[in-house]
Amino acid sequence: MNPPPLPRSNPVGRFFVGLWDVMNFTRRLILNLLFFGLLFLILIGFIAAVGKGGGVQPLQERTTLVIAPEGRLVEQFTADPVTRALARVLGDRSAEEVQLRDLLRAIEAAKDDKHVERVLLQLDKLQPSGMASMREVADALRELRASGKQVVAFGENISQGQYLLAAQADEVYLDPMGSLMLEGLGRYRQYFRTGLQDKLGVDVHLFRVGEFKSAAEPYILDAASPEAKEADLYWMNDVWQRYLADVGAARKLDPAQLAAQIDALPEGIEAAGGDLAKYAQSMKLVDGLKTREEMETLLTERGVADEDGDLGFRSVSLDAYLVQLDGRRLPVDRRPQVAVVVAEGEISGGDQPAGRIGGESTAALLRQAREDEEIKAVVLRVDSPGGEVFASEQIRREVELLKAAGKPVVVSMGDLAASGGYWISMNADRIYADASTITGSIGIFGLIPNFTRTLDKIGVHTDGVSTTRFAGAFDVTRPLDPEVGRVIQSVIDKGYADFTGKVAQARGKPVEEVDAVARGRVWSGAQAKERGLVDELGDLGDAVADAAKRAELEKDKFRVTYIDKPATPFAQFMAGFAGSRIGTAMLQDSGMARAALARTMPETEAQLRFVENAIKDRSGAPVKSLAYCFCGL
């Protein structure tokens, strides 16, 4: 029996069926293309990563190392590898960072590298952090110069901070249209009392111990207190005189004469006809005025011409040189280790990303060092204004546990190790600081804003009932009960007693002696050493050598390793892919990459944001004590 004939489909039905088939085919095609495209990218990234590790070309003879760092000088990257790689590919320089350890490693290696003939410093795009880290780099450059390697510095617009490094060169050149001006150190803040209290009706209640603990003064005053000005000027003058001495020694100039020339700045610039470059030359801060093209000609004549190079002479960039150094490392190094744990940024509770200190995350890094049998000693590198008291205590406890496990702990203070930054440092076997480190600020404060009058202005009022007189007493929309103020002040007093008591125990001093140099006062590293808060003046290298000696490790018989939060395998792959030539070409004009960058770029938190977050997130505690210092340059 024949099958019945199929019903005819009408033209409209055939059209939609055909359209669906086309759409379905297109969908599968696009998905397949995306799949194979992603697979291709992964393969290319893998090949690039393998090539990057094993295909490093050796340096040629008579190479000029060009140190032209871009971005902020930091102890530790604050962005993940993917964000940094994408930012570099897309030309976004706002998030650029240079690790201090990388810069020092390159300078140290160049000193003994027979292929490096000279070093060219181009520092215009370097954003200095504090004076201590800059002095550490300056010391490394001074040693490089003493080794016989020629160091030449060139800039178009050189800042005061950048000049500390440039001054270490054999020759310093400035663009004829450029600028260089030493002006001194200043520290100014905005004060909000009138705006908050008189204009907005926000009453800010400050609870603190120590007349020098000025971190929260902007919320309750219209100008700096006499105590704050006295303390700030004391340590700033010490740091500034050291800066003049460092520059004077490098340029063979009298520091007193430099200071006198700065005081006569208007007359000096007028005499130079308003020409800042000629003014710098007349002060003997630079050796000559040359354009970038003239500098390239000069270095080509002194070095080896390279028509294929970007600069016209045989050279290697800082990043490329660091890759060279990574390629020279031994694949397996079984020597015992001195671990460096970096604690940089504000101290907050919980697990924090790199570039910030977390009570849990930083403690975990120290715990990792304690449990690793190959690590024999630890250096805690601190660069922090402090933060939450409890988070600081979590980290301090891990330092104690490391020592109890028989592993020496030495602290190396960077630019800033104040308040909570000192809290996490005080129990180390030895504390090193640069003479221009900012430290101290041993004090506690609490800040409670009240918005009752603010809400009154717009006709909003708070009312209700409670079972006790203190239930809801910490509500910022209700007037602060004086009895609640007593509670808060008691907590702050106890926090200060804990702080000074722990310092006294750790430093082997009477509490009264600690209190005399505490009370929230800030000191330079040199001043802190005079007062027993710091043991030695020195840099990270000195701290590492001390830690190794305490662990009875012979010189050159150990290696230094950094313990950082590890990047995920995907982040490592993406960083390697974006760093390859093919990856750069593919991602440079990619809208997807730009969108990913925008979403992953970390926000920069200002000091006000720190206080805001600390007040907002009390983790169930009615009062959160803060050991924070709004100090620094």
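The values are calculated or read from the model by the stated rules, or taken from the named source; none is laboratory data. Owing to the predicted nature of the structure, the values given are computational and were not obtained by experimental measurement. Every residue, glycine as well, gets a Cβ built from its backbone with ideal geometry; the counts of neighbours run over all protein chains shown.
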>> I'd like to check something: does the range 473-489 contain any residue that is touching a Leu at 6+ places or on another chain (Cβ under 9 Å), at negative phi, small (G, A, S) and surrounded by fewer than 20 Cβ atoms within 10 Å (Cβ to Cβ)?
In response: yes
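Tally time: how many residues in the range 505-514 are under 30 Å from the mean Cα position of the chain (by Cα) and either surrounded by fewer than 16 Cβ atoms within 10 Å (Cβ to Cβ) or not basic (K, R) (or both)? Before you say what the answer is, go through the steps one by one.
Pass one, the range 505-514, residues under 30 Å from the mean Cα position of the chain (by Cα): 506-507, 514.
Add one more test, that the residue is either surrounded by fewer than 16 Cβ atoms within 10 Å (Cβ to Cβ) or not basic (K, R) (or both), and what stays is 506, 514.
So the count comes out to 2.
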> Cβ-Cβ below 6 Å, separation at least six or inter-chain, first residue in the range 405-430 and in contact (Cβ under 8 Å) with a residue 60 or more places away in the chain, second among the β-branched types (V, I, T) and assigned to a loop (DSSP other than H, G, I, E, B): which pairs?
Replying inline: M413/T437
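So for the range 164-173 (the condition being out of contact with any Lys or Arg (no Cβ under 9 Å at 6 or more places or on another chain) and either outside the structural domain of R302 (by TED's automatic domain parsing) or more than 30 Å from A417 (Cα to Cα) (or both)), does at least one residue qualify? Quick ask: steps written out before the conclusion?
Start the filter on the range 164-173 by keeping residues that are out of contact with any Lys or Arg (no Cβ under 9 Å at 6 or more places or on another chain), which leaves 165-166, 171.
Those left that are additionally either outside the structural domain of R302 (by TED's automatic domain parsing) or more than 30 Å from A417 (Cα to Cα) (or both): 171.
The answer is yes; a qualifying residue exists.
Would you list the strands (runs of 3 or more DSSP E) that sit entirely within the range 404-455 and hold 2 or more residues that are at pLDDT 95 or above and farther than 24 Å from L553 by Cβ? Steps first, answer last, please.
On the way: elements: 409-418, 430-433, 438-440, 444-450.
Ranges flagged: 409-418, 438-440.
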> Does the range 507-536 hold any residues that are assigned to a loop (DSSP other than H, G, I, E, B) and more than 23 Å from A497 (Cβ to Cβ), and which are they?
Replying inline: D535
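Among the listed residues V286, V332, V323, V304, which satisfies the condition of being at pLDDT 95 or above and either within 31 Å of the chain's Cα centre (by Cα) or over 30 Å from E552 (Cβ atoms) (or both)?
Details: V332 fails: at pLDDT 95 or above; V323 fails: at pLDDT 95 or above; V304 fails: at pLDDT 95 or above.
Selected residue: V286, the only one of V286, V332, V323, V304 that is at pLDDT 95 or above and either within 31 Å of the chain's Cα centre (by Cα) or over 30 Å from E552 (Cβ atoms) (or both).
Conditions tested, residue by residue: (1) under 26 Å from A264 (Cβ atoms); (2) hydrophobic (A, V, I, L, M, F, W, C).
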site	(1), (2)
P176	yes, no
E183	yes, no
Q190	no, no
H205	no, no
K213	no, no
P218	no, no
A224	no, yes
A228	no, yes
> In the range 504-530, how many are in contact (Cβ under 8 Å) with a residue 60 or more places away in the chain and not hydroxyl-bearing (S, T, Y)?
Replying inline: 15
>> What's the number of the only condition in (1) assigned to a loop (DSSP other than H, G, I, E, B); (2) touching a helix residue (DSSP H, G or I) at 6+ places or on another chain (Cβ under 8 Å) that A215 fails to meet?
In response: (2)
>> If I ask for residues that are modelled with pLDDT of 95 or more and among the small types (G, A, S), which ones from the range 106-146 would you list?
In response: A106, A109, A110, A132, S133, A138, A140, A146
> Within the range 236-248, restricting attention to residues that are touching a helix residue (DSSP H, G or I) at 6+ places or on another chain (Cβ under 6 Å) and of a type in the set (A, V, I, L, M, F, W, C), which residue is surrounded by the most Cβ atoms within 10 Å (Cβ to Cβ)?
Replying inline: V239
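Taking the range 99-117, which residues are out of contact with any Gly (no Cβ under 7 Å at 6 or more places or on another chain) and of a type outside the set (A, V, I, L, M, F, W, C)? Show your work before the answer.
Just the residues of the range 99-117 that are out of contact with any Gly (no Cβ under 7 Å at 6 or more places or on another chain), to begin with: 99-116.
If the condition is that a residue be out of contact with any Gly (no Cβ under 7 Å at 6 or more places or on another chain) and of a type outside the set (A, V, I, L, M, F, W, C), then Q99, R101, D102, R105, E108, K111, D112, D113, K114, H115 are the ones that fit.
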